[in-house]
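Here is the structure we will look at.
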Amino acid sequence: MNGLSNIIQIDAKFSNGYALREDGTVWYMNGLSTSQISGFTGIEQISTSADYLIALKDDGTVWGRGSNYYGVL
């Protein structure tokens, strides 16, 4: 996982993956690099597709990120 630790959930599709750390941050991995998703903190659960990420925050709100190609966000 490119040096990530304290991972509590992983969701991956095709060549992309997302990891949720126990500190509530979300990380993106594409096989070449790993980077933190800006603004996604206090996250409790994630779900992904090939084109988007949906995240449930600790305050009960749902956040989305992605291409919105199919108008789902």
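On inspection, Met1 does not qualify as among the aliphatic types (A, V, I, L, M), at pLDDT below 90 and open to solvent by less than 80 Å² (accessible area, probe 1.4 Å).
Within segment 33-53, can you find the residues that are more than 12 Å from Ala19 (Cα to Cα), touching a Lys or Arg at 6+ places or on another chain (Cβ under 9 Å) and either surrounded by 17 or more Cβ atoms within 10 Å (Cβ to Cβ) or modelled with pLDDT of 90 or more (or both)? Gly39, Thr41, Gly42, Tyr52 - these are the residues of segment 33-53 that are more than 12 Å from Ala19 (Cα to Cα), touching a Lys or Arg at 6+ places or on another chain (Cβ under 9 Å) and either surrounded by 17 or more Cβ atoms within 10 Å (Cβ to Cβ) or modelled with pLDDT of 90 or more (or both).
The values are calculated or read from the model by the stated rules, or taken from the named source; none is laboratory data. What you are looking at is a predicted structure, and each value in this text was computed from that prediction instead of being measured. Note that each Cβ is placed from the backbone with ideal geometry, even for glycine, and that neighbours are counted across all protein chains shown. What goes into the accessible areas is simple: the full protein's heavy atoms, side chains included, and nothing from ligands, DNA or RNA. Shrake-Rupley method; radii C 1.70, N 1.55, O 1.52, S 1.80 Å.
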